[in-house]
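The values are calculated or read from the model by the stated rules, or taken from the named source; none is laboratory data. Nothing here was measured: the structure is a model prediction, and the numbers come from that model. Note that each Cβ is placed from the backbone with ideal geometry, even for glycine, and that neighbours are counted across all protein chains shown.
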């Protein structure tokens, strides 16, 4: 359950945070209303402005990826765990390389609005059942990640006012959730993109300023930063050595491996990132955008490492752990110490806006999957009119937002980072096998797709249910019950290979006839994935 | 991993920094490879496709003319 953390902000900084947050929200909401798809054109709602420059696209991708869990959680991990926290930042970078090298360009060339379109092109027979399975997996991943963001908003509020009462908690989730719904349902992709770009610029500026201040504090001497950090961590040399958090028992080490696997493989299958990949009109722009995103995320990761080490060096590890044992307060404490109330207010409003933007992107991704794959292609069998599909997409955004709010209120005690990494693990075990096989394997069949989608989803969800997150530990959802026979916090290490294996077995079991037709489809698909849709 | 290279900078930390460098180099190599090896093929394929379409179009028009003349 949520820890008893004390309020760390003073009145002035609290007010400043509020003013900053509200002004950014007002500006972005008005822009979302102004840039909302007016002619009821479905492609504008799903993809937004398709002619944006690579830099702006890259900023939006970076914004979509860096959530509040990353910003607060990763600096906290570094501040508390030293070297093991830094390892986590490295995994993030590898994840972006996966996107750039493997999925980005073929996916854009073969896709239209959602991932379902790519799979339908690759597996024309039985595309309806594949779309249905994919919509379910997308919904599961997006909802979980959305709940993680909303739970994060409660955790963030706790940093300011101490433990909130149930009413305050509900208010916080409902207010943030409603804003998210407005961005997604009315603004569509143009609105979500605008807030994403604004947020990314603010994020990079805020993180850069604070990192420069930390380095200035140590007069740009990395060695002094490292030695002060390990001195003030009260752990001595162990702080900069591996094994502080994920060392010791084999379970710990496996857990770490599982988490890294989920981070590295999950990103390439997250629905809201994938929607961004489909937006650019030409391949050249997409490549530039992803390269920008890799660079920007890399910069944020390096800066987060400096901030985490700086927090330990300047604030002290024990002070951070005292305010919040998970370390989420590290960056705010550091900002307060370095730049006073102004910098703290800047970073904390940034954290709220980050939450809002990522949640809007997720809601939009889930809504478009539901409207395009489930409603338009499965229920109406491709006969739905554009205005109809658009209406359904907007309605779906509202429904998903409300579901997210309800689930967040039920599970407000769980840790944001845990929920977020579960979403990564489910994406990697259910959605990624289908993507990788359809892009690169000739023998992939509809049966394989169905088996890997449903099997990966079921396997990862079941393993989570029987993991220490749900039962048997003091900080799990049901601390009193004990049915946790799966020892790891993250199911990735078992469920990701299981997803790939099921896809392979299902395709082999499909029989020869289906495999032959699928080879024909693959030849056509391969050309399309290289050349792209017909456009001048 | 815990061997110290310069002051407090251990081998593990240095490897972590090297990873960022490797990523940068890999990105650069990828972009160069795609620009020099793959993009020309894509352009050629696209041109071929357009050529085929035009030929089909012409064949249709020619057939139509013959029909009208007859």
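Go through region B:20-42 and count every residue that is over 27 Å from residue A:532 (Cβ atoms) and more than 8 Å from chain A (Cβ to nearest Cβ).
Of the residues in that region, 3 qualify.
Tell me which of these residue A:151 doesn't satisfy, since it passes every other one: (1) crowded, with 24+ Cβ neighbours inside 10 Å; (2) within 14 Å of chain B (Cβ to nearest Cβ); (3) more than 30 Å from residue B:12 (Cα to Cα).
Status for residue A:151: all satisfied but (2).
From the list A:52, A:93, A:97, A:102, which residue is away from every other protein chain (no Cβ under 14 Å), out of contact with any strand residue (DSSP E or B) (no Cβ under 7 Å at 6 or more places or on another chain) and within 30 Å of residue A:530 (Cα to Cα)?
A:52
Determine which member of the set A:346, A:364, A:334, A:370 is at pLDDT 90 or above, over 15 Å from residue A:275 (Cα atoms) and not in a loop (DSSP other than H, G, I, E, B).
A:334
If I filter region B:11-19 for residues that are facing chain A (nearest Cβ under 9 Å), in a helix (DSSP H, G or I), under 20 Å from the mean Cα position of the chain (by Cα) and modelled with pLDDT of 75 or more, do I get at least one hit?
no
What number of residues within region A:113-139 are more than 22 Å from residue A:520 (Cα to Cα) and surrounded by fewer than 20 Cβ atoms within 10 Å (Cβ to Cβ)?
Quick first cut of region A:113-139, residues more than 22 Å from residue A:520 (Cα to Cα) only: A:113-114, A:132-139.
From the residues that got through so far, the ones that are surrounded by fewer than 20 Cβ atoms within 10 Å (Cβ to Cβ) too are A:132, A:136.
Matching residues across region A:113-139 total 2.
Collect the residues in region A:216-227 that are part of a helix (DSSP H, G or I) and more than 19 Å from residue A:77 (Cβ to Cβ), keeping them in residue-number order.
A:216, A:217, A:222, A:223, A:224, A:227
Six or more apart or on different chains, Cβ under 6 Å: which pairs go from a residue in region A:222-235 that's more than 9 Å from every other protein chain (Cβ to nearest Cβ) and at negative phi to one that's in a helix (DSSP H, G or I) and surrounded by 18 or more Cβ atoms within 10 Å (Cβ to Cβ)? Could you list them?
A:228/A:313; A:232/A:312; A:232/A:313; A:233/A:239; A:233/A:312; A:233/A:317
Looking only at residues that are without any contact (Cβ under 8 Å) to a residue 24 or more places away in the chain and in a helix (DSSP H, G or I) in region A:241-270, which one is nearest to the other protein chains (Cβ to nearest Cβ)?
A:253
Report yes if residue A:341 is within 14 Å of another protein chain (Cβ to nearest Cβ) and farther than 30 Å from residue A:46 by Cβ, otherwise no.
No: the conditions fail for residue A:341.
For region A:282-300, give me each residue that is closer than 17 Å to residue A:199 by Cβ and either more than 11 Å from chain B (Cβ to nearest Cβ) or buried (at least 20 other Cβ atoms within 10 Å of the Cβ) (or both).
A:289, A:292, A:293, A:296, A:297, A:300 - these are the residues of region A:282-300 that are closer than 17 Å to residue A:199 by Cβ and either more than 11 Å from chain B (Cβ to nearest Cβ) or buried (at least 20 other Cβ atoms within 10 Å of the Cβ) (or both).
Evaluate the following for residue A:401: is it more than 22 Å from residue A:278 (Cβ to Cβ), in contact (Cβ under 8 Å) with a residue 12 or more places away in the chain and crowded, with 24+ Cβ neighbours inside 10 Å?
yes
Condition test on residue A:163, is it within 14 Å of chain B (Cβ to nearest Cβ) and either surrounded by fewer than 19 Cβ atoms within 10 Å (Cβ to Cβ) or touching a strand residue (DSSP E or B) at 6+ places or on another chain (Cβ under 6 Å) (or both)?
Judged against the criteria, residue A:163 is not a match.
Which condition number does residue B:46 fail, the rest of (1) modelled with pLDDT under 90; (2) more than 9 Å from every other protein chain (Cβ to nearest Cβ); (3) under 30 Å from residue A:527 (Cβ atoms) being met?
Result: residue B:46 passes all but (2).
Is region A:465-481 home to any residue that is under 30 Å from residue B:47 (Cβ atoms) and modelled with pLDDT under 80? Let's see the steps before the verdict.
Here is the first cut: in region A:465-481, the residues under 30 Å from residue B:47 (Cβ atoms) are none.
No, region A:465-481 contains no residue that is under 30 Å from residue B:47 (Cβ atoms) and modelled with pLDDT under 80.
Only one of these is closer than 30 Å to residue A:253 by Cα and more than 14 Å from chain B (Cβ to nearest Cβ): A:29, A:86, A:107, A:72. Name it.
A:72
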